[in-house]
Amino acid sequence: LGLARGADQLGNPGQALEQLRKAVLIDPKSAQAHAQYVILLRRTKDPLHAVKELTVATQLNPPMETAHYELGLALRDQGDLPRAREEFQQAIALDPQDKQAHLALANLLRGEGKGEAAAAEFGQARQLSQNEINRDLAMGANRAGVLLAGKKEWDTAIEQFRKALELKPDLSEARFNLAGALRETNDVKEAVHEFRKVLEALPDWPQAHY
């Protein structure tokens with residue numbers, strides 16, 4: 001698989017396909033090998049072969065979300081929309097956070113004239129995109145808070161940690177940092193409250209017990 005990835009990265013899909021064919025022959029029970037083989041087959045416009053290999057991959061490893069998503073794409077390219085829809089739905093069932101699977105299903109449903117169902121899937125995809133944006137902003141605010149805390153600028157650090165938690169309430173690292181900053185400002189009651197919230201989310205995190 002490593003040789004195939006290397007060949008693909010070097011812009012040699014033919015060699016990559018050959019390496020993946022060998023990988024499948026060496027270990028025909030490897031769902032990953034079948035799935036990677038199929039992804040490249042689909043990119044090289046061989047949907048019939050891609051469907052065959054991806055079907056094998058999903059049979060070998062039913063919980064493999066990527067294989068179901070890729071099989072859905074291959075079936076869509078082949079024109080088998082009902083089966084493509086089933087595979088996209090299976091991929092989402094395995095990983096509800098898969099934005100691409102939601103988008104693929106939404107576009108397919110829209111093409112079938114199922115506007116309400118398509119709108120729901122587009123809404124899910126938009127929410128997942130916003131969640132990703134919020135996560136990145138929250139992590140940035142947390143890092144800013146850590147830098148400010150390192151300078152003992154506790155009040156502004158606390159503002160950044162609170163901002164991070166507004167964006168992503170389950171960011172335990174920011175909550176832990178907030179609790180520590182509150183303790184430094186002698187707001188013990190609020191610090192204990194935040195430490196307890198961390199322990200509710202991560203009961204085995206040793207730092208929060210100190």
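The values are calculated or read from the model by the stated rules, or taken from the named source; none is laboratory data. As the structure is a computational prediction, the values presented were derived from the model and not from experiment. Reconstructed Cβ throughout: ideal geometry from the backbone, glycine too, with neighbour counts over all protein chains shown. Ligands, DNA and RNA are stripped out before the accessible areas are found, and what is left, the full protein with its side chains, is counted by its heavy atoms. Shrake-Rupley method; radii C 1.70, N 1.55, O 1.52, S 1.80 Å.
Scanning the range 156-205 for residues that are among the aromatic types (F, W, Y) and open to solvent by 50 Å² or more (accessible area, probe 1.4 Å) yields a single hit, W205. All of (1) in contact with a helix residue (DSSP H, G or I) (Cβ under 7 Å, 6 or more places away or on another chain); (2) more than 30 Å from H68 (Cβ to Cβ); (3) without any contact (Cβ under 8 Å) to a residue 12 or more places away in the chain hold for A117 with one exception: (2). When I133 is tested against (1) in contact (Cβ under 8 Å) with a residue 12 or more places away in the chain; (2) surrounded by fewer than 20 Cβ atoms within 10 Å (Cβ to Cβ); (3) among the aliphatic types (A, V, I, L, M), only condition (1) is not met.
Applying the criterion of being exposed (fewer than 15 other Cβ atoms within 10 Å of the Cβ), in a helix (DSSP H, G or I) and without any contact (Cβ under 8 Å) to a residue 24 or more places away in the chain to the residues of the range 144-155, the residue that is nearest to the chain's Cα centre (by Cα) is L147.
Answer with yes or no whether A141 is open to solvent by less than 80 Å² (accessible area, probe 1.4 Å), at pLDDT 95 or above and more than 30 Å from D98 (Cα to Cα). In short, no. In the range 68-86, the residues that are more than 13 Å from N107 (Cβ to Cβ) reach residues that are open to solvent by 50 Å² or more (accessible area, probe 1.4 Å) with C-beta atoms within less than 6 angstrom, at least six apart or across chains, in these pairs: H68/Q90; A74/R42; L75/R83.
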